[in-house]
Amino acid sequence: MKYIISVFLLFLSTIEFAYAQQGKGYLHIKCTSYNFGVFPKKQVRSCVFIVQNTGTTPVAIESAIPTCNCTAVKYSRQPIMPGKKAFITVYYNGKNYAKGKFKKSIDINSTASNGMVRLFISGTTL
């Protein structure tokens, strides 16, 4: 009897989870990494990531957290409507850091069903 109840509860929770995922926004990013190539470390470089809401409800970006103080992020605080795109601009300033190769990440937290997305930037400073 306990087995039947356990299976039934598991079945119900699976259905509930699937139902909760319907009607949510989803952030789709075609390319999640960008390589700046080789550049002088005195230069501030930037790139733009395009995000699209492929879900059915608006998605708000709640935060964009870089892993290093050499990286800054700019994004719109307005919700991304279903089918629409938004832009996340990432700036890299390596003038106070050692020369050489770098790879940094930015965590994008949102209200989308995929919640957190990680972006990467890389390059080599001279």
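Readers should treat all values here as calculations from the given coordinates under stated rules, not as data from a laboratory. Quick caveat: nothing in here was measured; it's all calculated off a predicted structure. Cβ: placed from backbone, ideal geometry, glycine included. Neighbour counts: every protein chain shown.
Packing, as the average of other Cβ atoms within 10 Å across residues, places the peptides 110-116, 88-94 in the order 88-94, 110-116, highest first. Residue-wise HN-Hα couplings along the stretch 41-55, as the Karplus relation 6.51 cos²θ - 1.76 cosθ + 1.60 with θ = phi - 60° gives them from phi, are 5, 6, 7, 8, 10, 9, 9, 10, 9, 9, 10, 10, 8, 9, x Hz; Gly and Pro carry x. Summing Lys and Arg as +1 and Asp and Glu as -1 over all other residues whose Cβ lies under 9 Å from the Cβ of SER122 gives a net charge of +3. Considering only alpha-carbon pairs that sit under 8 angstrom and 6 or more positions apart, the relative contact order computed for the stretch 60-126 is 36 percent.
Taking every C-alpha pair closer than 8 Å and separated by at least 6 residues, the mean separation divided by the residue count of the stretch 28-80 gives a relative contact order of 34 percent. Taking a Cβ cut-off of under 13 Å around PRO66, the surrounding Lys, Arg, Asp and Glu residues balance to a net charge of +3, with basic ones at +1 and acidic ones at -1. Neighbours of GLY37 by Cβ distance under 12 Å: Lys/Arg scored +1, Asp/Glu scored -1, total +2.
Using 0.36 nm per residue of separation minus the Cα-Cα distance, give me the extension gain between LYS99 and ASN69 in nm, one decimal.
Gain on extension, LYS99 to ASN69, equals 9.2 nm.
Under the shape rule built on the C-alpha gyration tensor, where the axes satisfy a ≥ b ≥ c, the stretch 41-126 is prolate, since a/c reaches at least 1.5 and a/b is greater than b/c.
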